[in-house]
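The values are calculated or read from the model by the stated rules, or taken from the named source; none is laboratory data. Worth saying up front: this structure is predicted, and the values here are computed from it rather than measured. Neighbour counts run over all protein chains shown; Cβ positions are idealised from the backbone, glycine included. In case anyone asks, the SASA skips ligands and DNA or RNA and just uses the protein heavy atoms, side chains included. Shrake-Rupley method; radii C 1.70, N 1.55, O 1.52, S 1.80 Å.
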Amino acid sequence: MTQPTNPDVEHPELRLDSEGGGAISMPATIGSSVGGATALEHRSDLPSEDIRVAALKATLERHRGERQIVLLQDFPDPDALSGAWAYQLIAKQYNIHCDLVYAGALSHQENIALVKLTGLPTKKISTASLKDKDLANYQGCVLIDNQGTTCQLLEPIRQAGVPITVIIDHHSLQEDLNAEFVDIRPSTRATATILTQYLQAGLLKLDSSISEHVKCATALMHGLRSDTNRLMQAQEEDFLAAGYLSRFYDAQLLNAILQVYRSKRVMEVIQRSLTNRVVQNNFSIAGVGYLRYEDRDAIPQAADFLVTEENVHTAMVYGIVRDEDDEVELVIGSLRTSKLTLDPDEFIKEAFGKNSEGRFFGGGRFTAGGFEIPVGFLCGFNDNTEFSKMKWEVFDNQIKQKLLRLVNPTDSY
């Protein structure tokens, strides 16, 4: 366990998985008396859920009246958006002001509808804008539904010396970030489920007469639903969370969010994935070439489509995403699987490894995963179509080679 950033202040650290221990190493002491907070040392008489709630309450109490920046992954999904909103409302009870930010884009139609129809208070901010922002206004950073590996805003935050106060996520452990409170549950299907449990525990009493509460409950229901494949892969805790949210959410509003259609650009990317796919050992692998930054979410939608093909249990779709404003190119890919014995997190980490700083290029959760690889020296736009074609072929061949080595380990590529 890494030590707190400020050696003169001892903050209790909590690291728990869905069973209260095991998947993530736990320190002998998961809490201590700091600033009047209740001591939680060696409280074997408390269920793990009570320990989590007490520890989060103590953390929020210590930071009463502060300002925090809540970082979402670059392309936030309903689970991340709703979970961050719920955290913001919980923190508000402690007079903590939270700004919800992301660096990428809301390109999936349902995500755009979710934010517009509910008025979900999040905003896009580029890394350049963040560096120009007076980060001294923030006393803490919060990561919801990510651990920084899919968020380019984390690095400037760390460079500015803003400490990580809270991490709440359901993805597998990506790296050992130093944070005051950490609740990472890889066996939980949705971060929305985790935040709903905190609501149920009384950190915020939802009121169906308050419009903001109703809209947040609707967003949480959407986040929970989306990360459990419309509840078909839900577990008992997800159903219990959904049952609680059913008292407050707006069914008509949720239906309006879901009643969106695929854009022409998304359909074109799906068509490309069908044309370019290679199917081996029940894996479907497809490169879709270059995409505009705002069309990035067409990649996971294409993977969702390919995995429904007969005799296919896993689909991987990838492409080079271009942000012409910032002159950035990234190879972005999404994995979807119906094979229960395939761990997307392990598969992606084994396929693509780490960068020069020791951080994995991607990871995953139950049935889904993704990766982002900077194009690096070859990044940049060129009017020469032959050059662009050769660059794509290099990345396409390299990615296929890495994936097929795992799909067909006995073959040589």
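Taken over the stretch 386-410, the criterion of being of a type in the set (Val, Ile, Thr) and loosely packed, with under 14 Cβ neighbours inside 10 Å is satisfied by VAL394, THR410.
Among residues of the stretch 72-83 that are touching a residue at least 60 places away in the same chain (Cβ under 8 Å) and farther than 17 Å from CYS98 by Cβ, those with a Cβ under 6 angstrom from a residue that is basic (Lys, Arg) and open to solvent by 10 Å² or more (accessible area, probe 1.4 Å), sequence gap 6+ or separate chain, pair up as PHE75/ARG296. Just one of the numbered conditions (1) open to solvent by 10 Å² or more (accessible area, probe 1.4 Å); (2) closer than 29 Å to LEU130 by Cβ; (3) touching a Leu at 6+ places or on another chain (Cβ under 7 Å) is not true of GLN147: (1).
Answer with yes or no whether LEU274 is without any contact (Cβ under 8 Å) to a residue 24 or more places away in the chain and open to solvent by 50 Å² or more (accessible area, probe 1.4 Å). In short, no.
Entry remark, the stretch 170-197: residues being outside any loop (DSSP other than H, G, I, E, B) and crowded, with 21+ Cβ neighbours inside 10 Å number 12 in total.
Set side by side, the residues SER226, SER273, SER209, SER284 differ, and just one is more than 19 Å from LEU81 (Cβ to Cβ), outside any strand (DSSP E or B), touching a helix residue (DSSP H, G or I) at 6+ places or on another chain (Cβ under 6 Å) and of a type in the set (Ser, Thr, Tyr), which is SER273.
Only one entry in THR127, THR196, THR122 is out of contact with any strand residue (DSSP E or B) (no Cβ under 9 Å at 6 or more places or on another chain) and within 14 Å of SER82 (Cα to Cα), namely THR196.
Restricting the search to strands (runs of 3 or more DSSP E) fully inside the stretch 61-125 and requiring at least 3 residues that are open to solvent by less than 20 Å² (accessible area, probe 1.4 Å) and among the hydrophobic types (A, V, I, L, M, F, W, C) gives 67-71, 97-102. Among the candidates VAL321, VAL266, the residue that is touching a Leu at 6+ places or on another chain (Cβ under 7 Å) and at pLDDT below 95 is uniquely VAL321.
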